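The structure appears right after this line, and notes come after that.
The values are calculated or read from the model by the stated rules, or taken from the named source; none is laboratory data. Quick caveat: nothing in here was measured; it's all calculated off a predicted structure. When we count neighbours, we look across all protein chains shown, and the Cβ atoms used for this are built from the backbone with ideal geometry, even at glycine.
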């Protein structure tokens, strides 16, 4: 199943949900007011919209996600690589590292990921 597209404001909402789920919708609305400056009605509209799209469920005022943060992030990266780098992960990494300073620790972690992939292990 393809991960549904989540837009920026929805993603910021989902970050709150993922951190606190399962969560009652009134408390979620309160957190969205505090962290996003949203009105209660805005939060309930987003809950309904994301529920209709199969991203979360709202049963008896308890909201839980149906799509994980990892799934959303992976889908966004896949879309970015496909659209901007003709599907080439090496081209994406080259562009990223050209403009982003990596620490020795980050380079070592990336190397460990590559080594695990070569050995056939999962990330």
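Answer with yes or no whether residue 38 is touching a helix residue (DSSP H, G or I) at 6+ places or on another chain (Cβ under 6 Å), farther than 24 Å from residue 70 by Cβ, surrounded by 13 or more Cβ atoms within 10 Å (Cβ to Cβ) and modelled with pLDDT of 95 or more.
Numbers: touching a helix residue (DSSP H, G or I) at 6+ places or on another chain (Cβ under 6 Å): yes; farther than 24 Å from residue 70 by Cβ: yes; surrounded by 13 or more Cβ atoms within 10 Å (Cβ to Cβ): yes; modelled with pLDDT of 95 or more: yes.
Answer is yes for this residue.
Please give the helices (runs of 4 or more DSSP H) falling wholly within the stretch 45-123 in which 2 or more residues are closer than 17 Å to residue 18 by Cα and either under 17 Å from the mean Cα position of the chain (by Cα) or free of Cβ contacts under 8 Å to residues at least 24 places away in the same chain (or both).
Values: elements: 69-84, 89-99, 104-118.
Helices (runs of 4 or more DSSP H) meeting the threshold: 69-84.
Would you please list the contacts, defined by Cβ atoms under 7 Å and residues six or more apart or on different chains, that run from a residue in the stretch 1-14 that is at negative phi to a residue that is exposed (fewer than 15 other Cβ atoms within 10 Å of the Cβ) and outside any helix (DSSP H, G or I)?
So the pair list comes out as 4/53; 4/54.
Which residues, taken from the stretch 21-44, are closer than 14 Å to residue 61 by Cβ and part of a helix (DSSP H, G or I)?
Correct list: 25, 26, 27, 28, 29, 30, 40, 43, 44.
Looking at the stretch 95-105, which of its residues are exposed (fewer than 12 other Cβ atoms within 10 Å of the Cβ) and either touching a strand residue (DSSP E or B) at 6+ places or on another chain (Cβ under 7 Å) or farther than 23 Å from residue 8 by Cα (or both)? Lay out the reasoning, then the answer.
Residues of the stretch 95-105 that are exposed (fewer than 12 other Cβ atoms within 10 Å of the Cβ), as a first pass: 96, 98-101, 103-105.
98, 99, 101, 103, 104, 105, listed by residue number.
Checking residue 22 against (1) in contact (Cβ under 8 Å) with a residue 24 or more places away in the chain; (2) touching a helix residue (DSSP H, G or I) at 6+ places or on another chain (Cβ under 8 Å), which single condition isn't satisfied?
(2)
For the stretch 63-82, which residues satisfy the criterion of being surrounded by 14 or more Cβ atoms within 10 Å (Cβ to Cβ) and farther than 15 Å from residue 5 by Cα?
63, 81, listed by residue number.
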